[in-house]
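The block underneath contains the structure these notes are about, expressed in structure tokens.
Each reported figure results from applying straightforward, stated rules to the coordinates on display, with no laboratory input. Source: prediction; values computed, not measured. Heads up, the Cβs are rebuilt from the backbone with ideal geometry, glycines too, and the neighbour counts pull from every protein chain shown.
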Amino acid sequence: MTVSGIDATLTLPVANVASILTETISTTPPGSVPALSIARAAQNTRSAQADNISAIVYVQVTDAATVTLSGIPGVRFTLPTSTAGLSYEIAIYDGTAWNDDYEGPFAGSGDTVTVPLASGTTTISPAAPLEFALYVATTGSSPSPGGSPSPPSGSPTPSPAVSSSPSPNPSPVPLASPGSLIFDASSPSSQALTVTETGDTAAFNAAIVCSAASPAPSPAPSADFVAQITPASAAPSGATPATFTVTGGNLLGTCTITITDVNGAIATVPVAVDQTNATISTTHRKH
């Protein structure tokens with residue numbers, strides 16, 4: 001889904017029934033939903049400590065029937081500008097007000113903000129679609145356009161001596177691509193996962209933890225697992241990134257891949273293995 005240079009890729013948990021979900025993305029609120037703002041956020045939420053809320057993009061997920069997902073969807077946002085120095089959060093609309101304490105904060109990486117799959121349940125119905133927004137909350141007032149007032153005329157006031165020391169460079173972290181993976185349980189397949197890190201040529205270690213949906217199928221399928229990753233360790237080679245292979249199995253469920261560098265910095269990648277007949281159709285809304 002793309003609008004105004006913003007791309008959103010959803011990772012959906014397992015559904016309790018076969019469903020056709022429709023996803024829309026926009027820079028304005030969908031339908032009759034009010035715009036996200038401090039005034040329209042629920043009381044006693046995170047925005048109470050903020051001076052301003054800036055909604056970046058709105059996402060709506062609808063279904064013609066009622067469907068319950070076995071988790072909270074994940075989403076990977078790619079923005080047209082760098083995310084450096086900003087903290088991003090997810091607000092959800094509950095039908096009457098915005099709840100800006102829903103998920104976050106999340107730090108961006110490059111131009112990407114990744115919201116991983118989370119535990120819980122999500123119910124979507126024709127009367128109650130899933131509606132959420134990616135936003136940035138800021139505190140403090142901006143300096144006035146005129147800057148600091150001039151000192152009164154008279155004898156000049158000597159400027160105080162200022163000493164400074166250079167700020168340490170932030171430690172690099174692994175960057176995994178793609179930021180999330182989806183497989184079809186009825187047709188196991190493999191996808192490549194690449195990892196890079198600025199200035200790092202050492203090997204990365206990979207681990208995966210999965211949670212299978214219940215009840216387990218009987219008899220056991222041939223690919224009796226949710227997902228697997230190989231090898232356990234991979235290193236970049238020149239301009240070629242470290243490459244892992246992720247394979248989806250026949251079991252429905254979700255997984256989290258953890259990539260660790262030599263300094264202990266990590267990157268996580270959510271994985272979903274959906275049921276056979278779940279179809280996701282995407283529509284774009286442009287403004």
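Worth a mention:
- If the chain linking VAL262 and SER214 were pulled fully straight, counting 0.36 nm for each residue of separation and taking away their Cα-Cα distance, it would gain 13.6 nm.
- THR81-SER233 pseudo-label distance in nm [points 7 Å out on the Cα-to-Cβ vector]: 4.3 nm
- In summary, the convex hull built on the alpha carbon positions of the range 2-140 has an orientation-averaged projected area of 8.2 nm².
- Efficiency of FRET from Cβ geometry, ASP224 and ALA202, R₀ 41 Å, rounded to 0.05: 0.75
- Spherically averaged projected area in nm², based on the convex hull that wraps the Cα atoms of the range 175-276: 6.3 nm²
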